[in-house]
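Written below as structure tokens is the structure these notes are about.
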Amino acid sequence: MAAAKTRTSTFSRNLSTAAPSHGPGLKCGPNGTVFLSSGIPDLDKILGGGFPLGSLVMVMEDAEAPHHMLLLRNFMAQGLVLGQHLLYSSPARDPRGFLGTLPSPAASKDDKSRERDPDQEKGLRIAWQYKKYFGENQLDGQRDGKHEYSNEFDLRKPLERHFINGPRIDCVSIQDCPDLSTLRDRCATFLSQFPRNDGSISCAGRIAIQSFCAPQCAYSNMEWDMLSFIRSLKSMVRSSNSVAIITFPPSLLSPSFCKRRQHMADTLLSVKAIQDEDKELAQLLTGYQDMVGFLNVHKVARINTQVPVILEATTFSIKLQKRRYLVLECLNQAPVDGSSGTSYGTSGGCSSSSKTGNLDF
């Protein structure tokens, strides 16, 4: 008899094509998108996972406070902790000196529990019988791999020297570049290390350009040349496994060129400082005394899909928890008075006399 022919279905899962493995600091998303962490866990949740590989992120600065540096520091520190390559460009004379201000990862709860007194650990006898199912190497691997994608950073603790002195960092001073072609060549050389392919991604690159079009630059008035540079950088980043973030002061640009820059960004953010002793805002928002600024999300990158992202909120408060950790929270309206627990958004009446909860027209 002839050998029985195995039946196959068009709906059967193809097990031969396994999902590609990616290096540390990368996470798979929908529609074949691979995310890279922004260095702020709350921002990753807001954006749906982080910054997609091949995207251009632009942050509009505030002239009153350098809150954009908080986003830039966490973005750069996250890449160095994970061993990713970094290209940093700044209008300062010595951009490498800025690396000394990068924050250090905060100790996790598991790390703190392991640093307890050994005599106290001997007294714990919870679930000891499960140790035989796991080896010590597996337990250590699970602990170490918990924060492979995103970390919380302690803004008061500087990053360790061995992360900053590594060979994966390339610093460029914008003042040393006579024109944008020099900076474009440095970016092209850097991005050539991370060509995009359909296989596994072993490592990714990060580009951070601070205060693009600052007055210290010789090309600060060449608006068309700067637009051409951003367009070419976006095309190079799109064909590589990297993410580029550019901060710029919109107050130094004309309104038309500022709109053009916003249109070319895949992810567009803006930061704004809070005025001191704003009594009206303090009565309107809860937790106002802990806020240092606002973060506005104007656009979220959508790669490999045309479905738009609908966020629950577009404005978030920037807080420094314990003056150490950067936290993003939704804005909450304060109660109408001290005796009532309802906020402005939960008042159900259409007139001031709706005390019973029924609608009064």
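The values are calculated or read from the model by the stated rules, or taken from the named source; none is laboratory data. Predicted model, so just to flag it, every value in this text is computed and none were measured. In this analysis, Cβ positions are derived from the backbone assuming ideal geometry, glycine residues included, and neighbour counts consider all displayed protein chains. Note: areas computed on protein heavy atoms with side chains; ligands, DNA, RNA excluded. Shrake-Rupley method; radii C 1.70, N 1.55, O 1.52, S 1.80 Å.
On inspection, L233 does not qualify as surrounded by 17 or more Cβ atoms within 10 Å (Cβ to Cβ) and farther than 27 Å from L80 by Cα. Checking each residue in region 182-226 for being over 20 Å from the mean Cα position of the chain (by Cα), closer than 17 Å to M58 by Cα and open to solvent by less than 10 Å² (accessible area, probe 1.4 Å) picks out C187, C213, A214, M226. The set of residues in region 154-180 that are among the charged types (D, E, K, R), open to solvent by 20 Å² or more (accessible area, probe 1.4 Å) and out of contact with any His (no Cβ under 7 Å at 6 or more places or on another chain) comprises R156, K157, E160, R161, D170, D176, D179. Please determine whether any residue of region 275-294 is among the polar types (S, T, N, Q), surrounded by fewer than 18 Cβ atoms within 10 Å (Cβ to Cβ) and closer than 22 Å to S90 by Cα. Looking for residues that are among the polar types (S, T, N, Q), surrounded by fewer than 18 Cβ atoms within 10 Å (Cβ to Cβ) and closer than 22 Å to S90 by Cα, one finds none in region 275-294, hence no. Evaluating D170 against the criteria (1) over 24 Å from S270 (Cβ atoms); (2) without any contact (Cβ under 8 Å) to a residue 60 or more places away in the chain; (3) in contact with a Leu (Cβ under 7 Å, 6 or more places away or on another chain); (4) not in a helix (DSSP H, G or I) leaves one unmet condition, (2). Right, P52: open to solvent by 10 Å² or more (accessible area, probe 1.4 Å) and either more than 18 Å from N74 (Cβ to Cβ) or of a type outside the set (D, E, K, R) (or both) or not? It is false that P52 is open to solvent by 10 Å² or more (accessible area, probe 1.4 Å) and either more than 18 Å from N74 (Cβ to Cβ) or of a type outside the set (D, E, K, R) (or both). Does L311 satisfy being open to solvent by 30 Å² or more (accessible area, probe 1.4 Å), at pLDDT 85 or above and outside any strand (DSSP E or B)? Yes.
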